[in-house]
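K.L.:
Take this structure first; my questions come after.
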Amino acid sequence: MDIFDLIGPIMVGPSSSHTAGAVRMGLACRRILGEEVSEADITLSGSFAATGRGHGTDRAIVAGLLGMTPDDERVPSSFEAARDKGLLFSFAFGEIPLSHPNTARLQLRGVHGAEADIEAASIGGGRIEIRRIGDMSLCFSAEHPTLIIRNADRPGTVAEVSRVLSEGKINIATFQVNRNNRGGEAVMVIECDTPVTGELLARIRSLPGILRAAYIDRD
C-alpha cells in the first residue's frame, strides 16, 4: 500500500470511483481512439447507471473524452465545453453482462474517421481497467505507459514490435496478446516501465502487419 491508497486521487468531484475513475476512463478511451473525439455513445451499467448522475459520472466521462484529467477544475462544466468543441454525446443505461458494477461502454468516433468500441470499469480509488476493445477481451490499468496495437495475426509481428522496443531501451512490464480468429486480427497490449517516444511509436506503426497503434501515457 502506498500513500495514494490512503488519501486517494487528487480530483474534482465527490467520488474517486464515480468521478475521478470516470474521468480516467474517458481519457484512456480518447487515447485509444488516437484522435479528437467527434461523437460518443456511452452506456452506463450497474452502480454507474443507478447513482452515476448524482456523482457526476456522466460529466466526468465527457471531461476525459475532451482530454481533461481528474484534477481539472473544468470537469463539472464538461457538457458545456463539449458543446463548444462540437463533441456530440449521448447516454444510455443498461446492464452489461458479467461486468464490474462501475462499468461503461464507450462507442466513439473521431474527427478523422477512427472508431472504437471500449468497455471500461472504475475499480475504486480512481483506478480503472480497460476490459474490452472491439471484440477483444483484455484487462489493463492504463496506469503505466501502454501501447495498444492492432495487427494482422501472422508469425513474427510480436517479435518485430519487441525488437523495436528493445532497440529503444524500453523495458516491457506486461504483454498481453489476443485475437478474434486464427489469421484474422489480433491485439497486443504492452505496459512499459518508461514512456514510449513518438519516434518509436512511428516505427511500430510502420511495421508490416500493423493496422493501428495507440499509446496511453500517464495522466
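K.L.:
Let a ≥ b ≥ c be the square roots of the eigenvalues of the Cα gyration tensor of the stretch 172-219; is it rounded (a/c under 1.5), or, if not, prolate (a/b larger than b/c) or oblate?
P.N.:
Here the stretch 172-219 falls in the oblate category.
K.L.:
Running a GNM on the chain with Cα contacts under 10 Å, which residue among Glu129, Glu119, Glu95 ends up with the highest mean-square fluctuation?
P.N.:
It is Glu95.
K.L.:
Which residue fluctuates the most in the chain, going by a Gaussian network model with Cα springs under 10 Å, if the choices are Thr174, Thr57, Thr43?
P.N.:
It is Thr174.
K.L.:
Can you give the accessible area per residue of the chain, in Å², using a 1.4 Å probe?
P.N.:
47 Å²
K.L.:
Here is a further query. If you put +1 on each Lys and Arg Cβ and -1 on each Asp and Glu Cβ, how big is the dipole of the chain around its Cα centre, in Debye rounded to 20? Please report the intermediate quantities before stating the final value.
P.N.:
On the way: 23 positive and 28 negative charges, 90 e Å.
Magnitude of the dipole: close to 440 debye.
K.L.:
Something else: Dipole size in debye (nearest 20) for the stretch 155-219 around its Cα centre, Lys and Arg Cβ +1, Asp and Glu Cβ -1?
P.N.:
Here the size comes out at about 260 debye.
K.L.:
Additional query: Using a 1.4 Å probe over the heavy atoms of the protein chains, calculate the carbon and sulfur portion of the accessible area of the stretch 87-219 as a whole percent. Walk me through the intermediate numbers first.
P.N.:
Values: 3340 of 6490 Å².
The value for the stretch 87-219 is 51 percent carbon and sulfur by accessible area.
K.L.:
Measure off 7 Å from each Cα along the Cα-to-Cβ vector at Phe93 and Arg74, then give the distance between these two points in nanometres to one decimal.
P.N.:
Simple spin-label model gives 2.9 nm for this pair.
K.L.:
Would you work out the relative contact order for the chain, in percent, from Cα pairs under 8 angstrom that are 6 or more residues apart? Could the numbers behind the result be given before it?
P.N.:
Values: 483 pairs, mean separation 46.0, N = 219.
So the answer I get is 21 percent.
K.L.:
If you work out semi-axes √(5λ) of the Cα gyration tensor in Å from the coordinates, which of [x] 32, 20, 14; [y] 56, 14, 12; [z] 29, 19, 17 do you get?
P.N.:
[z]
K.L.:
Just to verify a number: what accessible area does Thr103 come out at with the full protein assembly present, 1.4 Å probe, Å² rounded to tens?
P.N.:
It works out to around 0 Å².
K.L.:
Which distance in nm do the two modelled labels at Arg182 and Asp117 give, with both placed 7 Å along the Cα-to-Cβ direction?
P.N.:
Each label point is offset 7 Å from its Cα along the Cβ direction, giving 2.5 nm.
K.L.:
Which of Pro76, Leu87, Pro208 sits farthest toward the positive end of the charge dipole of the stretch 66-219, with +1 on the Cβ of Lys and Arg and -1 on the Cβ of Asp and Glu?
P.N.:
Pro208
K.L.:
Let's test this: bin the Cα-Cα distances of the stretch 106-219 at 10 Å from zero up to the farthest pair and state each bin's percent.
P.N.:
Taking every Cα pair in the stretch 106-219, the percentages come to 13, 46, 35, 6.
K.L.:
Still on this structure, I have one more. When the chain is treated as a GNM, springs tying every alpha-carbon pair under 10 Å, which of Arg109, Arg163, Arg127 comes out with the largest mean-square fluctuation?
P.N.:
Result: Arg163 has the largest fluctuation of those listed.
The values are calculated or read from the model by the stated rules, or taken from the named source; none is laboratory data. Keep in mind it's a predicted model, so treat the numbers as computed, not measured. Here Cβ is always computed from backbone atoms with ideal geometry, including for glycine, and neighbour counts include all displayed protein chains. For accessibility, only protein heavy atoms count, side chains too; no ligands or nucleic acids. Shrake-Rupley method; radii C 1.70, N 1.55, O 1.52, S 1.80 Å.
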